[in-house]
Amino acid sequence: MILVTGGTGYIGSHVCALLLAAGREVAIVDNLSNSGADVVDRLETVTGRRPLFHRGDVRDAGFLTEVAAKLRPECALHFAGLKAVAESVRQPLAYYDVNVGGTATLLKVLQQNGTRRFVFSSSATVYAPSEVMPLTEESPLGPYNPYGWTKFMAEQILRDLAAAAPDWRVAVLRYFNPVGAHESGLLGEKPLGTPNNLMPRLCDAAAGRTPRFSVFGLDYPTRDGSGVRDYLHVTDLALGHIRAMEHLETAAGAHVYNLGTGTGLSVLEMAAAFRAATGVEAPYEVCPRRPGDLAEYYSSPAKAERELGWKAEKTPADMCRDAWAFHRRCLAD
Ligand code: NAD
Ligand code: WQD
């Protein structure tokens with residue numbers, strides 16, 4: 001049995017789809033604060049198999065103990081968390097509570113119930129701003145917002161745990177910019193409020209839900225002046241979790257991996273890729289830089305390729321086409 005916290009969310013649901021399709025037993029724990037229970041039905045539609053679903057909070061040790069004592073999961077994949085950078089600046093305590101407190105509570109319960117394999121959703125935001133690219137796992141750390149610090153602290157808890165208890169096997173996965181959706185069009189990113197990220201905003205503008213999207217800054221020292229990021233398809237990202245989980249069957253200790261393509265794409269390049277892949281123009285206007293944004297960063301995914309045998313395969317065209325298909329389907333629902 002694999003325990004997936006945050007399994008009805010954007011990334012977790014894609015990992016659940018792969019696990020179910022591979023015949024694994026899956027139990028999702030999610031409080032539905034940023035997702036819907038309909039994802040459980042969608043997973044069944046997509047894979048023909050239904051995961052167990054337990055609605056509850058990762059900060060609730062009593063609830064988690066009931067689940068873990070009954071299921072005795074062999075491995076836990078921990079996606080549950082809060083992820084909006086700007087919100088984390090306004091509400092730091094909520095972020096520390098869920099992302100750090102929730103992780104510590106979950107680990108304590110797993111420790112008491114025999115689970116010793118753990119895959120953690122970390123983020124490229126743990127790296128210090130740098131002009132030296134690509135970012136490797138050895139690049140200096142130094143988060144610059146509360147959200148990043150919560151991931152940094154949770155990583156530290158995991159390193160300390162693996163050092164203190166050698167039977168724990170931990171993979172810390174630092175995601176770059178996940179985009180796209182499941183090829184079925186049934187799973188994807190459905191922000192409950194106004195989206196913050198580029199791709200959902202681009203889709204909103206393409207669909208006419210907003211008149212245009214903002215290009216935050218055309219005065220960065222990048223090849224076309226717009227911000228550059230390492231976007232990767234969520235299905236590739238999900239596959240990275242399967243490889244990491246398998247790796248922990250034999251690898252002891254705590255291991256950190258970047259999950260990205262290794263290639264940066266600018267905002268304008270993404271808009272052009274979207275137009276080419278979908279035939280739809282997303283109107284935009286150039287606006288001032290968004291506070292807190294960096295000009296450019298992208299990963300070196302070499303370690304994941306070397307040790308996990310994982311490499312992102314999908315192209316920006318795949319990312320745009322699948323994001324758009326999911327977006328249109330959501331609008332139709
Ligand atoms: P998401 O919001 O779609 O999924 C998170 C899920 O966790 C949601 O279903 C939500 O309902 C659930 N959840 C939140 N708080 C909870 C709590 N206290 N108890 C139980 N469930 C709770 O986000 P996502 O994009 O799928 O991100 C998954 C993980 O990956 C997060 O930890 C996030 O920080 C991390 N991450 C995401 C990105 C990204 O760009 N999407 C990048 C790097 C890291
Ligand atoms: C990408 C690029 C913007 C919106 C955030 C978090 C990070 C991780 C992923 C969780 C930037 C530009 C954006 C828009 C724009 N999440 N942009 N117009 O900021 O790289 O990363 O999400 O861990 O921690 O910080 O992603 O998609 O918001 O922005 O021009 O409407 O698009 O300036 O260059 P970001 P993003």
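The values are calculated or read from the model by the stated rules, or taken from the named source; none is laboratory data. Predicted model only: the values in this text are computed from it and were never measured. With ideal geometry, Cβ positions are generated from the backbone for all residues, glycine too; neighbour counts draw on all protein chains shown. The protein model used for the area step is the full one, side chains on, heavy atoms only, and it has no ligands, DNA or RNA in it. Shrake-Rupley method; radii C 1.70, N 1.55, O 1.52, S 1.80 Å.
With charges only on Cβ, +1 for K and R and -1 for D and E, what is the dipole size of the range 221-333 about its Cα centre, in debye, rounded to 20?
Roughly 100 debye for the range 221-333.
Taking the alpha-carbon distance from Lys108 and a cut-off under 18 Å, which lysines remain once sequence neighbours fewer than 8 residues away in the same chain are dropped?
Candidates past the 8-residue exclusion: Lys70, Lys151.
Solvent-accessible area of Tyr144, probe 1.4 Å, all protein chains present, reported in Å² to the nearest ten, please.
80 Å²
Using only DSSP helix segments of four residues or longer, with each worth -39500 (n - 2.57), what per-residue ellipticity at 222 nm results for the chain after dividing by its residue count and rounding to 500?
Computed ellipticity for the chain at 222 nm equals -12000 deg cm²/dmol.
Estimate the FRET efficiency between Ala21 and Arg329 by the formula 1/(1 + (r/R0)^6), using the beta-carbon distance for r and 25 Å for R0, to the nearest 0.05.
Calculated value: 0.80.
Give the relative contact order (percent, whole number) for the range 226-282; include only Cα pairs under 8 Å separated by 6+ residues.
For the range 226-282, the relative contact order is 51 percent.
How many times 2.2 N^0.38 Å is the alpha carbon radius of gyration of the range 92-171?
Compared with the compact-globule rule of thumb, the range 92-171 sits at 1.18.
Just report the Cα centroid separation between the range 269-312 and the range 130-166, whole Å.
22 Å
Compute the whole-percent fraction of alpha carbon pairs in the chain spaced more than 33 Å apart.
The answer is 22 percent, as a whole percent.
Mind listing the long-range amide H neighbours of Ser300? Cut-off is under 5 Å, sequence gap 5 or more, other chains count too, H placed in the peptide plane at 1.01 Å from N.
Correct list: Leu135, Thr136.
Share of Cα-Cα pairs in the range 106-153 beyond 16 Å, in percent?
Of all Cα-Cα pairs in the range 106-153, 51 percent lie more than 16 Å apart.
If you place +1 on the Cβ of every Lys and Arg and -1 on the Cβ of every Asp and Glu, how big does the dipole about the Cα centre of the chain come out, in debye to the nearest 20?
Charge dipole of the chain: 360 debye, to the nearest 20.
Please work out the Cα convex hull volume for the range 37-174 and give it in Å³ per residue.
Roughly 138 Å³ of hull volume per residue.
Could you please state how large a percent of the accessible area of the range 91-250 is carbon and sulfur, counting protein chains only and using a 1.4 Å probe?
54 percent
Which listed residue (Pro51, Gln111, Gly62) has the Cα farthest towards the positive end of the charge dipole for the range 1-134, taking +1 on Lys and Arg C-beta and -1 on Asp and Glu C-beta about the Cα centre?
So the residue furthest toward the plus end is Gln111.
Relative contact order for the range 210-321: what is it in percent, counting Cα pairs under 8 Å that are at least 6 residues apart?
Contact order relative to length: 43 percent.
I want to check the label-to-label distance for Asp219 and Gln156. Put each point 7 Å from Cα in the C-beta direction and report it in nm to one decimal.
Roughly 3.7 nm, to one decimal.
Using the heavy atoms of the protein chains alone and a 1.4 angstrom probe, what is the accessible area of the chain per residue in square angstrom?
Using a 1.4 Å probe on heavy atoms only, each residue of the chain averages 42 Å².
Could you tell me which helices of the chain pass both thresholds, a Cα extent of 18 Å or more along their own axis and a mean Kyte-Doolittle hydropathy of at least -0.5, with helices taken as whole DSSP H runs?
146-164, 234-247, 316-332
What spacing in nm lies between the two simple spin-label points modelled at Gln112 and Asp167, each 7 Å away from Cα in the Cβ direction?
1.7 nm
Round to a whole number: what % of the accessible area of the range 1-60 belongs to carbon and sulfur, probe 1.4 Å?
Carbon and sulfur atoms account for 46 percent of the accessible area of the range 1-60.
What spacing in nm lies between the two simple spin-label points modelled at Gln91 and Glu305, each 7 Å away from Cα in the Cβ direction?
Spacing of the two 7 Å Cα→Cβ label points: 4.0 nm.
Given contacts defined as C-alpha pairs under 8 Å and at least six residues apart, what's the relative contact order of the chain, whole-number percent?
Taking the mean separation of contacting Cα pairs over the length of the chain, I get 18 percent.
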